[in-house]
1. Taking the chain as the reference, fit the longest principal axis to its C-alpha atoms, fit the long axis of helix 139-153 to the helix C-alpha atoms, and give the angle between the two in degrees, 0 to 90, nearest 10.
2. Using 7 Å Cα-to-Cβ label points, what is the residue 83/residue 10 separation (nm, one decimal)?
3. Express in Å², to the nearest 10, the accessible area of residue 2 obtained by rolling a 1.4 Å probe over the protein heavy atoms while all chains stay in place.
4. What percentages, rounded to whole numbers, describe P(r) for region 1-123 computed over all alpha carbon pairs with 10 Å bin width beginning at zero?
5. Amide H to amide H under 5 Å from residue 30: which residues, 5+ apart in sequence or cross-chain, H placed 1.01 Å off N in plane?
6. Given a 1.4 Å probe and the protein chains all in place, what does the accessible area of residue 41 round to, in Å² to the nearest 10?
7. Once all Cα-Cα distances of region 92-189 are split into 5 Å bins that start at 0, what whole-number percent is in each one?
8. Tell me the angle of helix 33-61 to the major Cα principal axis of the chain, expressed in degrees between 0 and 90 and rounded to the nearest ten.
Amino acid sequence: MTQPKEIATLPPIEELRRDVVPSPRTGEPRRPWTVFLAAAFGYLALAAVGVSYGIHWWDAVHPESYADSANLLQWVKPEPGKWLSLTLEGAIALAAVVAGGAPAIAGFQAWNGWRWSRWAGLAAVVLTGGWTAIMNNAAFVALGLAVVSAALIFVPPTPRYFSEWAQVRAARPEQYRRPEWVFYGRLPRFR
């Protein structure tokens, strides 16, 4: 007589666990490839903003090409060396910091697993687009890189990574419990 086969069943729902499997190297959730690329493209967008600002600065140093160094200067047509041109140069430098920092910050925060980096990525695209509007044609590279970085934050493996980070951050570390008794002096085994 043969034994009846047992039916394989899942454990009760209380016993099912959905723990995040951490990386053995870092102890953090494993980063998907989309997060690596989003951060990399965000940093490349920052570099591209710097290059387009450097091209503008090089053209602005020479008085004969100053008026054509940026779209904003073509629209306003300030006289080189006057208060308006100096104010516009300060505004362009501030815009470079904001437009370059936005995609880099969004990529870095996606790397850290913060869900709000999706909104930061969209804001980075808008800010880099504004930079492209007031600068030269080299700024289009920065805009393209910012768009790719923001799009990678929305690709399917990334939201799962964000939810894993939310689980890790929600877990409370074990509180320190003061011991009931502390032995002072030499241990008995060393006497």
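1. Roughly 20 degrees between the two axes.
2. Distance between label points: 7.2 nm.
3. 120
4. Computed distribution, short to long bins: 11, 25, 18, 16, 10, 7, 5, 4, 2, 1, 0.
5. Answer set, sorted by chain and number: 23.
6. So the heavy atoms of residue 41 present about 60 Å² to solvent.
7. 2, 12, 18, 14, 10, 8, 6, 5, 4, 4, 4, 4, 3, 2, 1, 0
8. 20
The values are calculated or read from the model by the stated rules, or taken from the named source; none is laboratory data. Just so you know, these numbers come straight off a predicted model, no measurement behind them. So basically every Cβ, Gly included, is an ideal-geometry build from the backbone, and we count neighbours across all protein chains shown. These area figures cover heavy atoms from the full protein model, side chains too; ligands, DNA and RNA do not enter into them. Shrake-Rupley method; radii C 1.70, N 1.55, O 1.52, S 1.80 Å.
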